[in-house]
Every structure is written in C-alpha cells, then in structure tokens.
Amino acid sequence: MAGRATPVMQQFAAAKEAHPDSILFFRMGDFYEMFEDDAVLCAKLLDLTLTSRNKGKADEIPMAGVPHHAAKSYVSRLLAMGHKVAICEQMADPSTVKGIVPREVVRVLTPALVTEQEHLEAGQNNWLAAIDIAIAGVGVALLDLSTGEFMAAQLADVDSALSELARMSPREVLVGSSEVAAEAAVRSVKSLDLFLPASGAGSDAPVRQDAPLGEEEAVTTLGTLTSDADAFGPAAQRAAARALRFARVCNPRAELPIPRITEWEPTSQLILDETTQTHLELVRSMAGDRKASLLGIIDLTSTAPGARLLRRRLLAPLMDVDRIRRRHQGVAVFVERALLRERLRNCLGKMGDLERLATRAVLGDATPRDLGAIRDGLRIAREAVALLGEIDSSAERELVGIAEPPDTLDELADTLARALVERPPAQTKESGIFLAGFDEQLDELDELRKNGSERITALEAELREEQGIPNLRVRYTRVFGWYVEVSRSYKGTVPDDWRRKQTVAAGERYTMPALDDLAHQIESAQERHRERELELLREMVARVAEAGERIRELARRVARWDVNAALAEVAHRHDYVQPVVEASGQFVVKAGRHPVVEQLAAQGRFVPNDVTLSCDEVRLHLVTGPNMAGKSTLLRQVALIAILAQMGSFVPAESATLGVVDRVLSRVGASDNVARGESTFMVEMRETASILKHATRRSLVILDEIGRGTSTFDGLAIAWAVAEYLDDAIGCRALFATHYHELTQLAAKSKHVANFSVSARELDDEIVFLHRVVPGAASRSYGVQVARLAGLPEPVLARARMLLEVLEAGQGKTPAPPAVEPVAGSGAEESANEAAPVIAQGQGPWNKPGQLAMFADAPPEPFSEEAAEALQLLRACDVDNTTPMQALRMLVRLKKKL
Ligand code: ADP
Ligand code: MG
C-alpha cells in the first residue's frame with residue numbers, strides 16, 4: 001500500500017498483517033469490504049463486482065464488498081472452498097466516536113472451527129486435526145469445537161497417522177514438525193492430496209503448514225486441560241498444542257468450550273484404511289451416495305449426537321471381545337423390548353442437538369431459539385430417563401447405561417421452562433423471548449408498553465379523587481406531551497409542585513412529578529423492555545454456558561441410548577442376528593447377506609450365502625464365477641459383517657461366529673475401480689503392497705480381481721504370488737475373487753486354500769444368475785452370455801462364440817508347463833518373517849523354489865508352424881542343465897525359426 005495510507009487503511013494493513021493467510025472481511029458501515037488480493041480473489045470466487053478505492057489516484061487499490069446482513073452465506077461459501085475468513089468489526093458505534101472507529105479482528109472462521117448449525121453436518125463431527133511429525137513418532141490431535149471434544153494420540157509413523165485421519169475425516173489439517181530432520185515428512189504429508197472421502201461435501205480438507213512450536217509452548221498451551229501432559233508422549237502433546245493454539249488464535253475473544261483433553265487409543269480399534277473405507281462403501285457409495293452406504297442403511301438414530309456416535313463407531317470398530325459383547329448385549333435389551341424401543345425413539349426424535357447447542361452457549365453465540373431447543377432437549381432427556389427407568393432388571397440397566405441415573409440438570413431445565421416462551425425467536429434482535437411471570441421488572445415494562453393508557457386513566461382517577469376535581473383530565477399532545485388539565489375554577493387549588501405548562505380557553509394545563517414519571521416510563525418502556533430482555537437473555541445464556549459441559553455430558557449419555565435403540569431397530573427391521581464374538585481365528589457365517597444390496601439393488605430377492613473361514617484350516621477362499629454373478633457382493637458382505645459385529649451391531653445373517661480381526665483390508669482391481677477415476681496398474685500395485693505390508697494373521701483381507709490392471713500373464717503372475725503370500729507368509733483369513741481360472745490350482749497345493757464359485761446356469765444360451773456360492777471352481781466364465789445381456793449385437797456375439805470355441809479347443813492341447821523360478825526373492829522372506837511366524841510352517845514357493853506351475857492353463861494363441869517348432873525347442877530345453885553359451889546358441893536358433 002502507498003506510504004501515505006489513510007488511518008483506515010493503516011487499520012486494514014495491521015489486521016491483514018496479523019492474519020496473512022485469511023481473507024479479511026473489513027467492516028465499514030453496512031458492508032464488509034475486502035481489499036487488494038482478497039478483493040480480487042473474492043470477486044472471482046463469489047462473483048462480486050470488483051471496484052477500487054481511491055479510483056484514479058496513486059494509492060488506488062482493488063476493493064469488493066458484501067452487505068453485512070448477507071455476509072453469512074458468502075462466508076459459508078468461502079469456508080466450503082477451504083478458505084479462512086477473518087472478521088474485522090467496528091468496535092464502537094461510529095456516531096459516538098470522534099475520528100476513526102476502532103476495529104478489531106473478533107473471530108477467524110475456518111472450515112473446522114465453525115459452530116453455527118448451518119455450517120455443520122448434523123451426523124458428523126467437525127474435526128480439526130493437527131499432526132506433529134517427529135523422528136520418535138507422529139502425534140495426532142483432534143479437536144471438535146462444536147462439541148468440545150479434544151483428544152490426542154501418538155502413533156508409530158506417518159502412515160498410521162494418515163490412516164487415522166481417513167477414519168476421522170477432519171475438515172482441516174494442520175501439519176508441523178519441531179525437528180529439522182522430519183521436515184521432509186511434513187512436506188510429503190502436505191503435498192499428499194488428502195482425499196478424505198467422508199468429509200463434508202466430499203471435498204478435500206485444506207492442509208495447512210503450522211508455524212513452529214516452542215519447546216515450552218506445548219506444555220503451557222495445554223495448561224489445565226490435563227493433569228498429566230506427559231502421559232501423551234511429546235509428539236502427541238505438540239500436536240494437541242498446535243490444534244489448541246490454532247483454535248485460540250481464531251477465537252481471540254472467547255473462552256473455548258474445551259474442558260479437557262483425552263487420550264484416544266487408535267490401537268484398540270480395528271484399522272480401516274482409506275481405500276478399505278471407500279471400497280466397502282461404509283459411509284458413502286463409490287458414486288458418492290450416502291443412502292447407498294452401510295451407514296445409510298444402519299443410521300436409524302433419532303438425535304444428531306447419536307448419529308455422530310454411530311458414525312464414529314462404524315469407522316472405529318473395537319477389538320476387545322468383552323467390550324464388543326457388552327455392546328451387543330446393550331442392543332439386545334432394546335431388540336427384546338420393542339415397545340420401550342419405540343417409545344424411546346419417538347421421544348428422542350424431537351430432541352435438538354444438545355451437544356452443539358451447549359457449545360454455542362459457552363461461546364456466547366446462543367440465540368433465543370437455541371435456548372428454547374436446550375429447554376426442550378433437557379425435558380426430553382428427563383422423559384427418556386423416566387422411560388428407561390421402567391427397565392427393572394439391574395443387569396439390563398447396567399447394559400443400557402442407566403444404572404447410574406444421569407445428571408439431568410433439573411434446576412436449569414425448570415428455570416428455562418419458566419423463562420422462555422413456547423417458540424422463542426430465531427434471532428436475538430427479535431423481541432418476545434420470555435414468558436410473563438418470569439421476571440417482575442420485565443413484566444412491569446411490558447405492562448407499561450402495552451397498558452400505558454390504562455395507567456394514565458388510573459392516574460387520572462387517582463388525581464381527581466385526591467384533588468377533588470371531578471373534571472380533571474390527563475391528556476397528550478405531540479407538542480406538549482402529557483399534561484393534566486383542570487377547568488379555570490380549580491386553578492387556585494392545585495398543589496404547589498404542579499407546574500403550569502399552558503393556559504387554554506378551557507382551563508389550565510399542568511404537569512407534575514407523578515405524571516412526568518409515568519410519561520417518561522411509558523416513552524422509554526419500549527426501550528427499557530428491550531434492554532431488560534437482552535439482559536435476561538445474557539444471564540440465561542451465561543447460566544446455560546456455566547452448565548455447558550454437564551449438558552454435553554447428558555447429550556452423550558442420550559447418544560448412547562439412541563445408538564443402542566437404533567441398532568436394535570435395524571436388527572428388528574432387517575432381521576439381523578446377534579453375532580458370537582470370540583478371540584479365535586474363526587469366521588463362520590450362516591446365510592449371510594450384504595446389508596446394502598439386500599435393501600437396495602436386490603430388495604426381496606437377495607440370496608444368502610454361507611462362508612466359513614478359519615486361520616488353522618481353510619483360510620483363503622478363491623472365488624470364481626461369471627461377471628455379475630455376485631463375487632464382489634460376497635466379498636464385501638463378509639467384510640461388512642465383520643465390521644458390523646465389531647462395532648457392536650447385530651449382523652445380516654442367520655448366525656455368525658466371529659474371531660475378532662485387527663484390520664480389514666479391502667482392495668479392488670484397477671479396472672473394477674472406475675468410480676475412483678483411477679485405473680492405473682501403479683495404483684493397484686501400491687494398494688496391494690500396502691496390504692501385504694500391513695496384514696497380520698488376525699486380519700481379514702478382501703481382494704477383488706487384483707491384477708486386472710495389466711496384461712493377462714503379468715496380472716495372473718501377480719495375483720498368484722499375492723494369494724500365495726497371503727496364505728503362506730501371513731496366514732490370515734482372506735477372500736480372493738478372480739477371473740484367472742488358473743489360480744484355482746492353488747487350492748490343490750495348499751490345504752488352507754479352497755475354491756468356491758458363485759453359480760450361474762445356462763438356459764438356451766441365456767444365463768441365469770443364481771448368486772449361490774458353491775464349493776469348487778467355476779467351469780467357465782459365461783462372458784459371451786453376459787455380453788449378450790449387455791446388448792452386444794448378434795453378429796459380434798456369434799463371432800465371439802466361434803473364437804471362444806477355437807480358443808477352448810486349443811487350450812486342451814497345451815502341454816505340461818515349464819518349471820519357473822519363484823517370483824519373489826529373499827526380500828519377501830524377510831518381510832514375511834516380520835509379518836508373522838507362520839512362515840516357519842509354510843510350504844509354498846517362499847521356502848521351496850521351483851514349484852510354481854502357474855501357467856498350466858494359459859490361454860493359447862493360434863500358432864504358426866514355425867512358432868510351434870520354436871515352442872517345441874523351448875519345452876525340450878532343460879534350463880537347470882544349460883550353460884550360458886548353450887542358452888545363447890538356442891536363442892539364435894529360436895530367432896531364426898521365428
Ligand atoms: P461380480 O463381482 O461377480 O461381477 P457383483 O457382486 O458385482 O458381481 O454382483 C452383480 C449384481 O448382482 C449386484 O449388483 C447385485 O444386484 C446382484 N447380486 C449379487 N449378489 C447377489 C445375491 N447374493 N443375491 C441377489 N442379488 C445379488
Ligand atoms: Mg466384481
């Protein structure tokens with residue numbers, strides 16, 4: 001800006017300097033103005049007219065503005081795009097200030113730090129995440145200003161931290177490091193396109209580089225939020241301090257509604273990385289539809305805190321058998337008590353978001369309507385407690401979480417009930433908040449406001465009587481205001497403290513203290529009524545704010561009942577069963593169903609299937625079958641049943657016994673992964689690599705047509721090697737869907753591998769999908785029939801059938817396969833040893849090279865005679881006993897033949 005900036009522009013410059021990475025909304029009268037780069041940016045983003053200040057002068061600068069009453073929607077749009085907005089207000093009424101109005105940044109709004117309902121998703125936490133990367137570990141902190149939750153954990157590495165972020169779907173991420181050595185990691189996280197599938201609009205969460213944090217600063221920032229900061233580990237402590245510092249800088253004028261920081265233990269939760277979450281369509285379908293996700297099916301909660309809790313449980317299932325069982329038992333109570341469930345759900349259905357309402361009160365932002373919603377919420381909570389009180393078994397009371405009755409804040413609830421009108425106004429600027437009878441002073445002012453003329457009549461009567469002047473009248477004119485008029489004959493009899501105002505034909509006009517008083521009261525009643533109302537509102541908000549944490553605690557208790565009742569309702573409506581959860585390597589599901597497909601695509605005609613996996617017996621299922629048979633559905637169904645069970649829900653099956661899993665890893669082959677817009681082989685392999693790296697013996701792995709992203713042989717070779725590694729080196733429970741029929745030979749080689757196929761029947765060249773899983777490999781793929789279903793023209797189908805016959809005939813003639821060196825070298829063995837001790841008992845090619853007969857049924861090509869001869873030569877060659885010289889000579893001969 002030019003050196004001779006005006007005082008106002010100096011103010012702007014100072015505010016902007018304090019918040020360089022925010023868009024500054026600078027209040028000027030009825031507008032928020034943006035200047036310089038902010039103006040240019042906002043004009044583009046918000047479609048505003050770009051003007052300029054001091055047009056045509058040397059210090060001309062770009063400017064754009066929005067009317068203050070419309071600012072909210074503009075701010076929302078900027079936040080949705082990931083921007084920060086600093087609100088710089090006028091701190092005094094310009095009419096009362098001489099010279100320049102003081103201005104101050106009162107709040108910085110960022111996507112993660114908004115608390116207004118319209119910016120928030122009811123069923124989802126609004127997390128701010130902070131990561132602190134150190135050599136010793138990675139700290140992750142999560143803070144939800146709208147609910148007051150704040151937690152931190154220290155994880156082993158950046159990968160684990162990102163996995164947690166994917167699970168929590170923060171709206172905004174801060175990344176920093178205090179160690180120069182970890183700077184590279186910070187950069188890698190920052191440059192990572194953190195695609196967070198479950199976040200608000202499915203948009204990217206902005207990732208911000210956080211400023212350095214002093215050594216002492218971490219501890220002092222956390223201050224009284226924890227009595228034992230050291231319990232968190234240094235990186236977790238720093239991450240927490242970063243989150244808190246950010247929140248404080250953005251809310252300089254408010255006491256943050258964060259009572260404490262808790263330690264959260266991602267390690268006690270089943271791990272679901274981002275790809276798995278996406279592939280299993282846990283919270284949204286691949287196409288982005290929420291209703292067609294698992295959450296969409298099971299979210300029958302009645303309250304917003306309940307919906308958030310359910311979502312969190314779904315994305316962070318437990319691993320502790322006892323805790324999981326207790327959750328199931330809690331659900332079971334409501335499954336059995338159908339009437340109670342229905343009454344509870346009806347009752348909770350009318351409840352507002354107590355948790356966030358209380359937070360707004362703590363921040364001083366609660367509107368009269370918010371208070372009304374808190375009053376209603378407290379009343380409903382009390383009703384719910386009474387309902388649950390009907391449970392007479394103490395064991396069940398314990399399971400449902402009512403053994404200890406919650407603090408229902410009865411006193412506050414009563415006060416609010418006595419204070420507020422049925423429907424308080426939405427905005428503070430509207431009047432009519434309090435009930436008559438709540439506050440004497442307010443009632444009086446209201447009385448004055450409304451009944452001024454009656455009070456005047458009363459005074460008139462009083463004066464007549466007192467003075468004995470029957471025709472005394474109290475009147476009002478605009479010019480003179482209120483006066484008492486007496487006829488001339490009484491002129492001399494009025495008391496001394498009456499002052500004469502005017503003489504008219506009819507008599508004398510006076511005024512006196514009592515009348516002045518009343519007149520003044522009437523005139524200012526309106527104003528004073530408003531003031532008193534606002535005063536009472538502030539008091540009320542303060543009382544609610546003081547009880548903020550107790551209210552939120554109550555909301556969380558209610559949320560747990562809500563989730564239990566909702567899951568029971570799901571079990572009832574969709575016919576789910578209580579699973580048996582144990583610490584074993586079993587996975588036995590009878591008549592299991594896919595919870596989403598059975599409700600949506602295959603409503604009423606879903607074919608249930610059994611699946612039995614066992615770490616010690618058959619642990620890897622190879623699933624073959626034609627396209628559209630239901631392979632992917634089966635695979636996902638198995639994974640979803642495990643997740644449902646471990647989150648504490650009943651499951652869609654006739655019966656289920658599940659040994660807890662520590663990780664669900666699900667991958668889908670590149671060409672099946674169209675919805676993500678990624679089809680490269682590289683992506684597929686990176687994902688496969690991460691499975692092999694992370695899977696343990698207790699994991700459940702779902703691989704859907706891995707290897708599709710490359711040519712047939714490459715793909716088959718990789719699929720084969722991956723399947724073998726899963727079986728031999730890891731020994732986890734796994735389902736592997738594949739269109740490589742060659743792979744089904746694996747079952748003959750390992751007693752832990754079995755073939756299954758999803759059946760289809762051919763009827764007059766038409767294919768009928770039975771969706772039934774049967775033992776054994778599929779005999780053929782029915783590709784041509786599926787192509788016909790899809791509407792390929794008849795000539796093309798006829799040609800395809802012909803080619804298929806040729807190819808199939810050729811296949812029979814393919815002679816025995818050559819011996820092949822093992823695909824993986826010592827590296828695989830190394831990591832295998834790390835991953836699981838199972839390798840010691842393994843019998844696969846990892847230990848015994850030279851057994852990989854994988855191309856026995858490789859699709860043949862129509863060979864020329866020369867080529868056939870060349871092949872003959874190759875087959876005859878004994879590689880183990882061939883010298884390099886011989887090999888070279890042979891190569892020359894081969895080339896000649898071809
Ligand atoms: P694949 O992976 O074998 O190509 P999918 O699992 O994608 O087949 O299933 C194709 C369609 O078949 C699904 O969209 C679903 O509508 C239907 N389907 C799959 N499994 C079943 C089942 N068990 N019962 C009824 N319909 C099913
Ligand atoms: Mg499929």
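Taken together, the values in this text are just the output of simple stated rules run on the coordinates, not laboratory data. Since we're looking at a predicted model, the values are computed, not measured. FYI the Cβ positions are ideal-geometry reconstructions off the backbone, even for glycines, and counts take in every protein chain you see.
Some observations on this one:
- On the principal axes of its alpha-carbon atoms, the stretch 15-88 has extents of 36, 25, 23 Å, going from largest to smallest.
- Only helices enter this figure: runs of n ≥ 4 DSSP H residues, each worth -39500 (n - 2.57), summed and divided by the residues of the chain, yield -13500 deg cm²/dmol at 222 nm to the nearest 500.
- Amide H contacts of Met28 (H built 1.01 Å from N, under 5 Å, at least 5 apart or other chain): Glu33
- Taking Tyr576, Tyr490, Tyr483 and counting other C-beta atoms within 10 Å, the order from fewest to most: Tyr490, Tyr483, Tyr576
- Computed from the alpha carbon atoms alone, the convex hull of the chain holds 282 Å³ per residue.
- Highest to lowest packing among 121-127, 110-116, 255-261, scored as the average C-beta count within 10 Å: 110-116, 121-127, 255-261
- When each of Lys98/Lys429; Lys55/Lys429; Lys631/Lys749; Lys350/Lys590 is checked by Cα-Cα distance, pairs over 31 Å: Lys55/Lys429; Lys350/Lys590
- Beta bridges per DSSP with both ends in the chain, % antiparallel, nearest 5: 60 percent
- Structural descriptor for the stretch 210-287: relative contact order 27 percent, calculated from alpha carbon pairs under 8 angstrom and at least 6 residues apart.
- For Lys895, Lys749, order by how many other beta-carbon atoms lie within 10 Å, fewest first: Lys895, Lys749
- For the stretch 69-137, the set of trypsin sites (Lys or Arg not before Pro) satisfying both a DSSP loop assignment and a count of at most 15 other C-beta atoms within 10 Å is given as Lys98.
- The chain, relative contact order in percent, only Cα pairs under 8 angstrom and at least six apart counted: 9 percent
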